[in-house]
Every structure is written in structure tokens, then in C-alpha cells.
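**Student:** Sharing a structure with you now.
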Amino acid sequence: MKHFFLSLFILKSIFSFSQDKYISRNGQVQLNASTPLETINPVNNHVSCILDTENGNIAFQLKMISFKFDKALMEEHFNEKYVESEKFPKSTFVGKILDWEKVDWDKEEQNVQATGTLTIHGLDKEIVVSGIIRMLQKNINLVSEFYINISDFDIKIPKIVRDKISEKVEIYVDINLHPK
């Protein structure tokens, strides 16, 4: 709970003075924890994001329970046994797009990197991710693909299914932001 209030305070501090904010409440995050034995590709289409275009500060938030799986039993195990969605309901990323002042607003698409704190399962980890920023008329599209190790977030996988769930999970992010 302490981390939740701290995150809210940080988000409010980062974005309270800026006029140039872009937001989304329906971004997409897809996980890929597949192995040769099992396909695991849940999707979450309820990802919130805010980007401050004055300084490149960015924040994402999603509810873990909003990931939808092809198999209901996988979804149940994900929420109850692995990420413990009742105990740790949200995942967040709070960070900054690096070299924001060098972003060329005349280019339709360019590569960027962001650094920040990813919180999953109640644990924080500093990460650096690469992505693409696209200018779409008055909107901004952010796309990123990166990997995390589930052990970094103290997510335990029972031995009986360990061969069916990848230890290294690919995360794909696709967010369309609109002016606030």
C-alpha cells in the first residue's frame, strides 16, 4: 500500500505542472511466456498511460487481472497462484524517455529508449527498454518489446508446470496516446 501511495504522489508531481500531456486508457500489453510445450500469450487491453511531452516523463499502469488468456484455467492460475492479483492488483512503470530533447517532431517514426522503475508482484526493478515513437497526426503511438525474468519479481512457478512456462517473458507494449 505504501508503494501505491508513493507511486500516486510521484505521478502527480511529475505531471501536475505540465500542459503538454498525452494520455491513453486503452493501451495494450501482451505477454509471451510460451515454451515448446505450451502457448501462453495473454493480452491486456486496459492499460493506462500518460506522457508529458515537455520533458519525456512517462507512466503506465495496468490491472493484472485484466490479462485475458485463451484458456480459463491458465487465467485462473496466473491470477491466483503466480502474480497473486488480489494481493498485488497493479503493475506500473514510471520513468523517462531518454534524450527527450532530441526527439524530432518532424519525423514520423524514430527509435527511443526509456528508463524507469517497473513494479510487478510488489517488487520494483530498474529497467531500460527500447521502443519506437510514431507521430500520427495529433496522436502519439508508443511501441516497445522487451523481456523480463519472472524470478526478478519473486513469481514462483510450481515444478509440475515449470517446463510449460518460460522463465523469460517477452512483453509487447502498444499504446496510442491522445492530447489531454
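The values are calculated or read from the model by the stated rules, or taken from the named source; none is laboratory data. Since we're looking at a predicted model, the values are computed, not measured. Note that each Cβ is placed from the backbone with ideal geometry, even for glycine, and that neighbours are counted across all protein chains shown.
**Student:** Could you run through the range 132-148 and say how many residues are in contact (Cβ under 8 Å) with a residue 24 or more places away in the chain and either surrounded by fewer than 18 Cβ atoms within 10 Å (Cβ to Cβ) or over 17 Å from residue 175 (Cα atoms) (or both)?
**Tutor:** Qualifying residue count, the range 132-148: 11.
**Student:** Could you run through the range 24-40 and say how many residues are surrounded by fewer than 16 Cβ atoms within 10 Å (Cβ to Cβ) and either on the phi > 0 side of the Ramachandran plot or not charged (D, E, K, R) (or both)?
**Tutor:** 6
**Student:** Sticking with this structure for a sec: Out of the range 102-118, which residues are part of a loop (DSSP other than H, G, I, E, B) and surrounded by fewer than 14 Cβ atoms within 10 Å (Cβ to Cβ)?
**Tutor:** Correct list: 104, 105, 106, 107, 108.
**Student:** Every residue in the range 54-94 that is more than 16 Å from the chain's Cα centre (by Cα) and in a helix (DSSP H, G or I), please.
**Tutor:** 72, 73, 74, 75, 76, 77, 78, 79, 80, 81, 82
**Student:** For residue 97, are the conditions met, namely being touching a helix residue (DSSP H, G or I) at 6+ places or on another chain (Cβ under 6 Å) and either closer than 27 Å to residue 180 by Cβ or surrounded by fewer than 17 Cβ atoms within 10 Å (Cβ to Cβ) (or both)?
**Tutor:** no
**Student:** Are there any pairs with C-beta distances below 8 angstrom linking a residue in the range 58-84 that is on the phi > 0 side of the Ramachandran plot and of a type in the set (D, E, K, R) to a residue that is surrounded by 15 or more Cβ atoms within 10 Å (Cβ to Cβ) and modelled with pLDDT of 95 or more, with the two at least 6 apart or on different chains, and if so which?
**Tutor:** Going by the 8 Å Cβ cut-off, the qualifying pairs are 84/121.
**Student:** Now for a different question. Hey, among the residues in the range 153-180 that are exposed (fewer than 15 other Cβ atoms within 10 Å of the Cβ) and of a type in the set (D, E, K, R), which one's nearest to residue 96 (Cα to Cα)?
**Tutor:** 180
**Student:** Condition test on residue 51, is it over 13 Å from the mean Cα position of the chain (by Cα), in a strand (DSSP E or B), of a type in the set (A, V, I, L, M, F, W, C) and modelled with pLDDT of 95 or more?
**Tutor:** Yes, satisfied.
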